[in-house]
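Heads up, the thing below is written out as structure tokens.
Read-outs throughout are calculated quantities, based only on the coordinates presented, and are distinct from any laboratory measurement. Keep in mind that this is a model prediction, so the values were computed, not measured. Don't worry about glycine lacking a Cβ; one is built from the backbone with ideal geometry, like all the others, and counts go over all protein chains shown.
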Amino acid sequence: MGSERKRARRYALLSGKGGVGKSIITANLAATLSTFGRRILVIDADLGLASLDVILGITPVSTIQESFRGEQSIEQVLQSTRGFDFVPAASGLPEGTVLTERLTAGVESAIAALEERYDAILFDAGAGIGDVVMFFAGLADEIMLVVTPEPTCLMDTYATIKVLYHTHGTRDFLLVVNQSGPSPASADAGERIAAHLQEVISSHFESQETDPVRIRLAGSIPVDTAVKHSVMRRRLLGETNPDAPATRALTRLAAFIDAAIRNRKTP
Amino acid sequence: MSEDHPRDWKNLDLTAACRILENAGRRDPASVSKDPSEQLQYIINSLCDLSVHDGLTGLVNATFFHAVLNREIERSMRTAGTCGLMVIDIDHFKNVNDTYGHSVGDKVIQSVAAQMKKSMRSMDTAARIGGEEFAIILPDCTPEDALKAATRIHASLNPFTATIDDIVLKLTTSVGLVWTDPNATSITSSVMLSLADQEMYMAKRSGRGRMCYRHTEPIFVSSHEKSALMNISFEERLNG
């Protein structure tokens, strides 16, 4: 950690519950950030059920798992698309859900080899609080939780925050509320969910006076048929529906992250 | 090599593999045997042993440790019992390495490991999980048993005198202890290890040579938290 080397800002996109749109947000966020001139690397960190390649409409030549086994170098695995670089992962490999030394060493050496070239790295982690997800969370500077306004999702998000707080000492969380109501009211709904989570945490977690957990709303993405339209065509929102409400909301999310990358104090 | 072995075996250079393992410290009369079946058995035994154990201390390695811990956690959930986990770290170990060199440092690690083996129970599993960091799994015990076993191990290591050649070193170790909640629904080995690590760091911060502990219960969401969380209308998203 004490190294003077320039280090990319690392974001882990997590969700307690699956199917909340994490990978769609990761892909669109990376593409938009790259249009702002940011050098972005996306790592598909859902090593059991990778799907970013499907969303991006790419068929990977090789995957990060092949680099773990030494069959391919990380450079050979790396793909460029829409102005950003992407490390795909294999899907359907049960071994991707088990945290092995080979996996941790493979990921760490891939990041060490690549990160000097980028301003930010996005880990698109799997759902839940398994070992591999927690490992990627531990590598990240920022935890970005994707949540939809549903009871089960809120519950799982709260549990994820609690686990990260207790195991990793994480105190700052970025929240992205997806499908947060129809377009005009979506920002309000996002604020409401973030404030509610913050309130329950503040009144139930230990030592909140001295060491508070902070939930910051990074963005609210409205319910928008354009999202489904783009996913079905395996394209990004900016390509299929550049003016849709969800596209504009994702641009605002990207602007929020862009400002954070610009203003960061750590090397 | 005798003629009655399968043809393919003739091409296997078992003697060379035996030499490599022998040079790596796997001393055994079978390593100098000329009988291929004895040589092969020696190679298999050595490789199995190397895949599970840490070469320096003979304790189990980190990979095997996680497998055992996951198995014991699963068992404790199934039987509504408790599984304890200790993390032990040698205090100021860097000073030992910096002052006396790595060979003395390695011997200190070996003597701490030997002391741990002496003071733990027969059913416990001790592992070397990092440079000077160890873990001990305390399976199938009540929280009181875990605390008693861990207190005994901690006491045997604090202070701990290691005599390496003519150097006498007085050392302390910091210990973190956690145990699973019998009512817990799930916890993974790495989450449990992180919790034990946190306790160990707490022991370091509070003056070293100490043991800090807690059970893992606070990580679960209580019914109070659940009802507070659900106290929000989810309907509005549909109606705008």
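What the table below lists for this structure:
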| item | result |
| --- | --- |
| For chain A: span of alpha carbons on each principal axis (Å, largest first) | 49, 44, 36 |
| Per-residue Cβ neighbour rank within 10 angstrom, fewest leading, A:I257, B:I232 | B:I232, A:I257 |
| Segment A:1-125: projected area of the alpha-carbon convex hull, averaged over directions, in nm² | 7.8 nm² |
| Using distinct alpha-carbon pairs, which all enter the 1/r mean, Kirkwood radius of segment B:7-52 in Å | 10.6 Å |
| Calculated FRET value between B:R78 and B:R214, using beta carbons and R₀ = 25 Å, to 0.05 | 0.60 |
| Electrostatic dipole magnitude of segment B:7-52 [Cβ: Lys, Arg +1; Asp, Glu -1; Cα centre; debye, to 20] | 120 debye |
| For the protein assembly as shown, the Rg and Dmax computed from alpha carbons only, in angstrom | 26.2, 86 |
| For chain B: relative contact order, % (alpha-carbon pairs under 8 angstrom, 6 or more apart) | 19 percent |
| Spacing of the two label points (7 Å from each Cα toward its C-beta) at A:R117 and B:A24, in nm | 3.5 nm |
| Pair B:R71, B:T15: separation of 7 Å Cα→Cβ label points (nm) | 3.9 nm |
| Pairs from B:K94/B:K204; B:K94/B:K118; B:K148/B:K204; B:K118/B:K148; B:K117/B:K204; B:K107/B:K170 whose Cα-Cα separation, in the structure shown, is over 19 Å | B:K94/B:K118; B:K148/B:K204; B:K117/B:K204 |
| Segment B:62-219: radius of gyration over Cα atoms, expressed as a fraction of 2.2 N^0.38 Å | 1.03 |
| Shielding by partners - mean other protein chain Cβ count within 10 Å, residues of B:132-143 | 0 |
| Spin-label model distance (nm) - B:K117 vs A:E239, 7 Å beyond Cα toward Cβ | 6.0 nm |
